[in-house]
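Everything below concerns the one structure shown next.
Bear in mind these aren't lab numbers, they're just calculated from the coordinates by the rules spelled out. Quantities reported herein were computed from a predicted structural model and do not represent experimental measurements. Ideal geometry is used to build each Cβ from the backbone, glycine not excepted, and the neighbour counts take in all protein chains shown.
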């Protein structure tokens, strides 16, 4: 009953916020905010409003489908039926049965999400001119993603299940150590091994931009493994830039769509903003918080896994050799229902980091160049300039455009 009540509350809050966002954006669709009136055409503002509304409505459908799948897995007996089927098929191989159970739940979830992802890419993104992905590339990405998830995830799950069974009451502590090690390895390998499986990365060839970027890096005392351009235009017209990697494997990556749109001054300002995150150790803070949260979560799982009501209250009665996988799956299915209302706290912390990075950029580049770049990015990515304040406070990892640009103009 507690689980069902929490699920209902989370759905009601999500739909209430989504409805507020749709109404607020639609209400301001026909008037560009005064701060942007001279730089953003009305047609672009209306396009951003329509795009935002379409995305929110698709998100509402996604929320409903996810809730139905969660109920089907838990209170309606889907997980129990899957356990029973595997027990009948492999009665003498409990460990293999547990591995297949975890993999089957993940696969079912991915298959349910697939039509929504297809619609998002080839209907919604296509309608607003962002999609550049072919059907063939979509399928190839899905298959590659599944293969990487299996190659990385299945060994991790196997180790955790083995620790749950053989390490006694402190299994969760050993599992946490394995989880931390796994994530650090992935952070190191992602730029050079995983990301190139999906995109082509070439050294930044524009001599003018490279000179500006290298001078900025020298001023800020930042060393990276290289400056790269990613062929983001193969999949989308959206533009972006990001840092990736850990330690000496750090890379700076620009989308080719971003470089084609911004001036050298604006690219330098955007990069200065990203360097601000490293200067203030935001990446390190987030990694430490993630590891702290996983420590608390695994401790909680270690306690819940010994409580019979935890399984039965979520529609599962595990048999011999099934408890570890059942506990793992139930925990990661149910946890987001109870942590959803913490989202505003995470969003607030992220927006605070963005303001700090903006201030750093204003000190090491020109604030007006960053403001100009952000306006172009808002327009090119069809990001609404008039979000609902409560929806934005709850979800948005970046400050609203008007507030962010206002601070930069003040700087």
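Please determine, in degrees from 0 to 90 and to the nearest 10, the orientation of helix 264-279 with respect to the longest principal axis defined by the Cα atoms of the chain, where the helix direction is its Cα long axis. Around 40 degrees separate the two axes.
Calculate how steeply helix 282-304 sits against the longest principal axis of the alpha-carbon atoms of the chain, using the helix alpha-carbon long axis, and give the answer as 0 to 90 degrees to the nearest 10. Compared with the principal axis, the helix lies near 20 degrees.
With a Förster radius of 51 Å applied to the C-beta separation of residue 264 and residue 299, the computed FRET efficiency comes to 0.55.
With contacts taken as Cα pairs under 8 Å and at least 6 residues apart, the chain reaches a relative contact order of 24 percent.
Based on every Cα atom in the stretch 199-261, Rg and the maximum pairwise Cα distance Dmax equal 11.8, 34 Å.
Go through 161-169, 140-148 and give me the packing order, highest mean Cβ count within 10 Å leading.
Averaged packing, sorted descending, gives the order 161-169, 140-148.
In vacuo Debye scattering of the chain, one point per C-alpha: log10 I(q)/I(0) at q = 0.07, 0.10, 0.12, 0.13 Å⁻¹? These q points yield log10 I(q)/I(0) values of -0.40, -0.83, -1.17, -1.34. With a cut-off of 11 Å on the backbone N, the residues of the stretch 285-315 near the modelled label site 7 Å out from residue 356 along Cα-Cβ are 285-286. Kirkwood analysis of the Cα pair distances in the stretch 172-220 returns a hydrodynamic radius of 13.9 Å. The residues 270, 186, 105, when put in order of fewest to most other Cβ atoms within 10 Å, stand as 186, 105, 270. Largest GNM mean-square fluctuation among 19, 208, 181, using the chain with Cα springs under 10 Å: 208.
Spin-label model, residue 289/residue 390: points 7 Å from Cα along the beta carbon direction are separated by 2.4 nm. Tell me the label-point distance for the pair residue 76, residue 96, using the 7 Å Cα-to-Cβ offset, in nm and rounded to one decimal. For the pair residue 76/residue 96, the computed spacing is 3.1 nm. Length gained on full extension, residue 233 to residue 85: 48.8 nm, using 0.36 nm per residue less the C-alpha separation. In percent, rounded to a whole number, the relative contact order of the stretch 96-255 is 23, using alpha-carbon pairs under 8 Å and six or more apart.
If you take the beta carbon distance between residue 170 and residue 42 as r and set R0 to 51 Å, what does 1/(1 + (r/R0)^6) give as a FRET efficiency, to the nearest 0.05?
So, using R0 = 51 Å, E works out to roughly 0.25.
Label zone (residue 31, point 7 Å along Cα-to-C-beta; backbone nitrogen cut-off 17 Å) within the stretch 389-411: 389, 402.
Counting only DSSP beta bridges whose two residues both lie in the chain, roughly 65 percent are antiparallel. Estimate the FRET efficiency between residue 142 and residue 342 by the formula 1/(1 + (r/R0)^6), using the beta-carbon distance for r and 35 Å for R0, to the nearest 0.05. FRET efficiency, residue 142 to residue 342: 0.70.
Compute the helix-to-body angle for 343-364: its Cα long axis versus the longest principal axis of the chain, expressed 0 to 90° and rounded to tens. Roughly 30 degrees, rounded to the nearest 10.
When the label point is put 7 Å from the Cα of residue 280 along its Cα-to-beta-carbon vector, which residues of the stretch 386-400 have a backbone N closer than 11 Å? It comes to 399, nothing else. A crude spin-label estimate for the pair residue 222 and residue 151, with each label 7 Å from Cα along the Cβ direction, gives 3.0 nm. Remark: relative contact order (the stretch 273-411) = 32 percent; criterion is Cα-Cα distance under 8 angstrom and separation of 6 or more residues.
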